[in-house]
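Please treat every number below as a calculation from the coordinates, not as lab data. Bear in mind that the values here come from a model prediction, so they are computed numbers and not experimental data. No Cβ is skipped: glycine too gets one built from the backbone with ideal geometry, and neighbour counts run over all protein chains shown.
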Amino acid sequence: MAQPRRIIAKRLSDQVETALVSMIQSGDYVPGDRLPSERDLMAMFDVGRTSIREALFALQRKGVVKINRGDRPRVIEPEPAQLIADFSDVVAVVLSRPSGILHFNQARWFFEASVARQVAEMAQADDLAALDEALDANREAIGNVDDFAATDIAFHKTMAVITGNPIVLSVHDALVEWVMLRRIMRGDILASNRASYAGHVAITGAIHAGDGEAAYRLMADHIARADSEYELPH
């Protein structure tokens, strides 16, 4: 006969946190509103000051409320960048695993290719002008390691910006921080720069043509080539 499993009750602070999140989601409190005072929250949930403070600090870490000394906590609009940043410590552990780098490269391949396809299908004249400007800057940086890396990232970020989706932009920035900034170039840097720029030219051409499938395929090939020329430190 199987032994009964022990059910561990959630901490009071966790219960308060869950209740406050539910109230914010339901619209009882909206961004800009101030929550009740600590004393009022203690009475509302019938718990002690410690539980209330732990719940509020947890909500602040998650970017749901802002706490200023001497003032009541204020509900704020969650930023996707903050939500993704909370994963940074976990990401570092994943990248240290034998398959971690492979999995992140695969995720970046899918993400970047999908972004390129969407941009090709939605870009307007001003978007195309911004992409062309980023491409020109990338060309001028060929041969300069630091400048080329910066303009390479800027070219890809321009496409993320064009989507108009803050979550897409936040994921792009996170991938830059987690993977791209940690990469180490191996081989002929000048030849790699030229090949990378050529890939950007081809991708930009597909986007100008409004060919989403070509943009997807070209970006996928571009990321695969880049992954073969860089390595991440262990």
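Tabulated values for the structure
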read-out	value
Ranked His156, His103, criterion: other C-beta atoms within 10 Å, fewest first	His103, His156
Amide hydrogen neighbours beyond the local backbone of Val65, cut-off 5 Å, H modeled	Gln60, Ile76
Local net charge near Asp46, Cβ-Cβ under 13 Å (Lys/Arg +1, Asp/Glu -1)	+1
Ranked packing of 63-76, 115-128, most packed first, by mean Cβ within 10 Å	115-128, 63-76
